[in-house]
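A.B. asks: Right, I'll just put the structure down here and ask away after.
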Amino acid sequence: MSKFRIEKAPAPAWVRPAIPVAAVVVTFVITLVFIAWVKVNPLHTYYYFLVAPFTSTVSMIELLVKATPLFLTGAAVAFAFKAGYYNIGAEGQLTAGAIAGAWLGVVLEGSTPWISLPLMIICGFLGGVLWAMVPALLKVKLGVDEVVTTLLMNSIIVYIVSYLLNGPWRDPVSMWPQSPDIDQSAMFFKLIPRSRLHFGFILGLITLAVIWYLINRSGFGLKMRAAGSNAEAARFSGVNVGNTILATALISGGIAGLAGVGEVAGIHFHLIPGLSSNLGYTGIIVATLGALNPIGVGIAALFFGLIETGSLTVSRALGVPVYLGQVVQAALLLVTLGMFVLTNYRLKREG
Amino acid sequence: MLIGAFTGFATAYLTGSLWAGVFAACLIGILAGLLMALMTVYLGVNQHVSGLGITLFCTGLAYYAFRVIFGTPSHPPQITPFDQVNLMGDVAVLGPIFRQYPLTYYAIVLVPVVWVILYRTNFGLKIRAVGENPEAADAAGINVYGVRTVSLMIAGAFMGVAGAFLTLSTLGFFTFDIIAGRGWVCIALVIFANWIPQRVLLGAFIFGGVQALQLRLQLTGVKFPYELFLTLPYVVTIIALTIANRNAAYPAALLKPYKRE
């Protein structure tokens, strides 16, 4: 009889792409426990969760709307992680982009979309870059751990938004804590009339394509990956690791900023408190699930769009709390992380 | 693994806040710590990402459980919180200072206890050894995985109780944004304090003081951008981090998973 033995060696190549799929299955088995708690039929739940969103055009469009910012935050995080820079600050950088967009959008009063659109994009990108700058410089120049600083920057900007909205930017008409609406010309155009799907979706796809090119096909990408996998060796072979990481961190922040400007110019049309609602943190999950690969990130973002739309459907149809979506997302992250460890082992047949 | 716990802190904090009873909070915190240990110690997964994952998981679960148990009430379900305990009677100045919740006293007492455990016991020596140089600790016969797991469970228990403090002592009810990132603040606090327990206490007073001060300033009605004032602790932490980094007081093996070959 043959016996199996586990040994430490890279798993066969086909395992890698199979892991996210296996993780999804395992996650849904785990979340059965929580669904059983509310005493509804799990099969019904999964039907509404995963299938029902595809049965109507409205919810399919909504899926894409939900995926839009995740394309960008996922791309931002994947790009930075690829260079070994643990940017946890996409949340704050997104908000910085949103602030920049909300400001410029009002300034552009009476402009035309041909001028406003590129300006909005650049401005949102720069907002994110600016917010990413402090932790990036501290990391590169002084070696301060970026995880904690990017995280702290997230908290700081929440208060800045709250200051702006309660103070100088408070909507003079409604007196709600929200900024005045941006100019018509600065709003991202709709891809489908009378829906919420906007130009940001295309922007997200373009960004994913660009970072795919940057990472895999450019000299900069080579340096970036070298810095990420072995900084010492990279330095030895003449790569300026500091500058590479700095550039990566700033681009990553800029991409997160794009997500922010998209939310302002495509969805809300003004700045509100809690605009981001964890999009930056979810971006980390999306990037991890996508194995830091832009194509994987795109798929993961769409899948998360499905989960978010699905959790709303489930909630409406069966009364299961919407927060099931968050539980599923986080469980999925943990299971995937655990399963990636398995790729270091392979099953060997003996005798 | 002094602060290998790191993000596990934030996590357990969030879970603990839902269940009535410090004990339950403690238990659930330990569970979250165990989960963190499974991910980071045994599977050797990146601590930032798994910590964040556990945080999101626990937040989601707490919200979910809240909805399942309480539905969507128009008024948050209330409990009668702990009474304040007065140690000093009506002595001027000291009286009001010593009118605190029981958990506050325990928290303050915990600081010297943690210090004694870390610096004066065999177990504390092991924790620090594992945090500084797991290879050497392993060679000396210390169970690195075991010590890290127990540390994470203790950390989880503390964080669970901390969450329970908010619901059981100060508020008496649970709201969705009750934690408001306090778990992350405490990571900043530990860095600010250079991993020294008594300095954590000092830091906590400063952070708390800034919060209290801005509330007072708001009450006086003086036109003052108090939101910007609230960013001060974070800004100070970033500065402290920058300076502290020069002195390199981190446990050397911070954030490094240890794999026994």
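A.B. asks: Report those helices (runs of 4 or more DSSP H) wholly inside the stretch A:78-189 carrying at least 3 residues which are within 14 Å of chain B (Cβ to nearest Cβ) and more than 24 Å from the chain's Cα centre (by Cα).
C.D. replies: A:146-166
A.B. asks: Here's a follow-up. With the condition kept exactly as written, say whether any residue in the stretch A:148-156 is surrounded by fewer than 24 Cβ atoms within 10 Å (Cβ to Cβ) and of a type in the set (A, V, I, L, M).
C.D. replies: The answer is yes, given that some residue of the stretch A:148-156 is surrounded by fewer than 24 Cβ atoms within 10 Å (Cβ to Cβ) and of a type in the set (A, V, I, L, M).
A.B. asks: Something else about it: For the stretch A:309-326, which positions are under 22 Å from A:GLY283 (Cα atoms) and within 12 Å of chain B (Cβ to nearest Cβ)? Can you show your working first?
C.D. replies: Restricting attention to the stretch A:309-326, the residues satisfying the condition of being under 22 Å from A:GLY283 (Cα atoms) are A:309-312, A:322-326.
Scanning the stretch A:309-326 gives A:SER311, A:VAL322, A:TYR323, A:LEU324, A:GLY325, A:GLN326.
A.B. asks: When residues of the stretch A:147-185 are filtered for being more than 30 Å from A:ALA136 (Cα to Cα) and aliphatic (A, V, I, L, M), how many remain?
C.D. replies: 3
A.B. asks: Condition first: surrounded by 19 or more Cβ atoms within 10 Å (Cβ to Cβ) and hydroxyl-bearing (Ser, Thr, Tyr). Now tell me which residues in the stretch A:207-230 satisfy that.
C.D. replies: Residue satisfying the conditions is A:THR207 alone.
A.B. asks: Can you name the residue in the stretch A:108-147 that is within 30 Å of A:MET187 (Cα to Cα) and of a type in the set (Val, Ile, Thr) and, of all such residues, is least open to solvent (accessible area, probe 1.4 Å)?
C.D. replies: A:VAL129
A.B. asks: Any residue that is in contact (Cβ under 8 Å) with a residue 60 or more places away in the chain, within 9 Å of chain B (Cβ to nearest Cβ) and open to solvent by less than 10 Å² (accessible area, probe 1.4 Å) - is there at least one of those in the stretch A:260-273?
C.D. replies: Scanning the stretch A:260-273 turns up no residue that is in contact (Cβ under 8 Å) with a residue 60 or more places away in the chain, within 9 Å of chain B (Cβ to nearest Cβ) and open to solvent by less than 10 Å² (accessible area, probe 1.4 Å).
A.B. asks: Among the listed residues A:ALA291, A:ALA233, which satisfies the condition of being surrounded by fewer than 24 Cβ atoms within 10 Å (Cβ to Cβ) and on the phi > 0 side of the Ramachandran plot?
C.D. replies: From the options A:ALA291, A:ALA233, the qualifying one is A:ALA291.
A.B. asks: Any residue at all in the stretch A:2-13 that is modelled with pLDDT under 80 and surrounded by 13 or more Cβ atoms within 10 Å (Cβ to Cβ)?
C.D. replies: yes
A.B. asks: Identify, by number, the condition in (1) open to solvent by 10 Å² or more (accessible area, probe 1.4 Å); (2) more than 9 Å from every other protein chain (Cβ to nearest Cβ) that A:GLN329 doesn't meet.
C.D. replies: (2)
A.B. asks: Now a separate question. Can you name the residue in the stretch A:18-40 that is over 24 Å from the mean Cα position of the chain (by Cα) and without any contact (Cβ under 8 Å) to a residue 40 or more places away in the chain and, of all such residues, is farthest from A:ALA317 (Cα to Cα)?
C.D. replies: A:VAL29
A.B. asks: Let me ask something else about it. Just give me the residues in the stretch A:271-283 being among the β-branched types (Val, Ile, Thr) and either farther than 17 Å from A:ILE88 by Cβ or at pLDDT 90 or above (or both), in sequence order.
C.D. replies: A:ILE272
A.B. asks: Of all residues being more than 8 Å from chain B (Cβ to nearest Cβ) and in a loop (DSSP other than H, G, I, E, B) in the stretch A:277-294, which is farthest from A:MET224 (Cα to Cα)? Just the residue, please.
C.D. replies: By that ranking, first place goes to A:SER277.
A.B. asks: Considering A:GLY319, A:GLY221, A:GLY296, A:GLY260, which residue is modelled with pLDDT of 90 or more and over 27 Å from A:LEU152 (Cα atoms)?
C.D. replies: Of the residues listed, the single one that is modelled with pLDDT of 90 or more and over 27 Å from A:LEU152 (Cα atoms) is A:GLY296.
A.B. asks: May I pose another question? Taking the conditions exactly as written (out of contact with any helix residue (DSSP H, G or I) (no Cβ under 9 Å at 6 or more places or on another chain) and surrounded by fewer than 23 Cβ atoms within 10 Å (Cβ to Cβ)), does A:SER315 satisfy them or not?
C.D. replies: It is false that A:SER315 is out of contact with any helix residue (DSSP H, G or I) (no Cβ under 9 Å at 6 or more places or on another chain) and surrounded by fewer than 23 Cβ atoms within 10 Å (Cβ to Cβ).
A.B. asks: I want to confirm something. Restricting to the stretch A:36-57 and keeping residues that are surrounded by 13 or more Cβ atoms within 10 Å (Cβ to Cβ) and closer than 17 Å to A:PHE304 by Cβ, which single residue is modelled with the highest pLDDT? Explain how you work it out, then say what you get.
C.D. replies: Initially, the stretch A:36-57 is screened for residues surrounded by 13 or more Cβ atoms within 10 Å (Cβ to Cβ), giving A:37-38, A:40, A:42, A:44-50, A:52-54.
Then drop every residue that is not closer than 17 Å to A:PHE304 by Cβ, which leaves A:46, A:48-50, A:52-54.
Working: A:TYR46: 79, A:TYR48: 78, A:PHE49: 77, A:LEU50: 80, A:ALA52: 79, A:PRO53: 81, A:PHE54: 85.
Ranking the qualifying residues of the stretch A:36-57, first place goes to A:PHE54.
A.B. asks: Which residue out of A:LEU289, A:LEU214 is in contact (Cβ under 8 Å) with a residue 40 or more places away in the chain and closer than 28 Å to A:PHE188 by Cα?
C.D. replies: A:LEU214
A.B. asks: Does A:PHE201 satisfy the condition of being away from chain B (no Cβ under 14 Å), of a type in the set (Phe, Trp, Tyr), in contact (Cβ under 8 Å) with a residue 40 or more places away in the chain and over 16 Å from A:GLY253 (Cα atoms)?
C.D. replies: yes
A.B. asks: Pick out the one residue from A:PHE54, A:PHE71 that is closer than 22 Å to A:GLY266 by Cα, in a helix (DSSP H, G or I) and aromatic (Phe, Trp, Tyr).
C.D. replies: Working: A:PHE54 fails: closer than 22 Å to A:GLY266 by Cα.
None of the others qualify; the one that does is A:PHE71.
The values are calculated or read from the model by the stated rules, or taken from the named source; none is laboratory data. This is a predicted model, so every value here is computed, not measured. No Cβ is skipped: glycine too gets one built from the backbone with ideal geometry, and neighbour counts run over all protein chains shown. These accessible areas exclude ligands, DNA and RNA; they are computed on the full protein's heavy atoms, side chains included. Shrake-Rupley method; radii C 1.70, N 1.55, O 1.52, S 1.80 Å.
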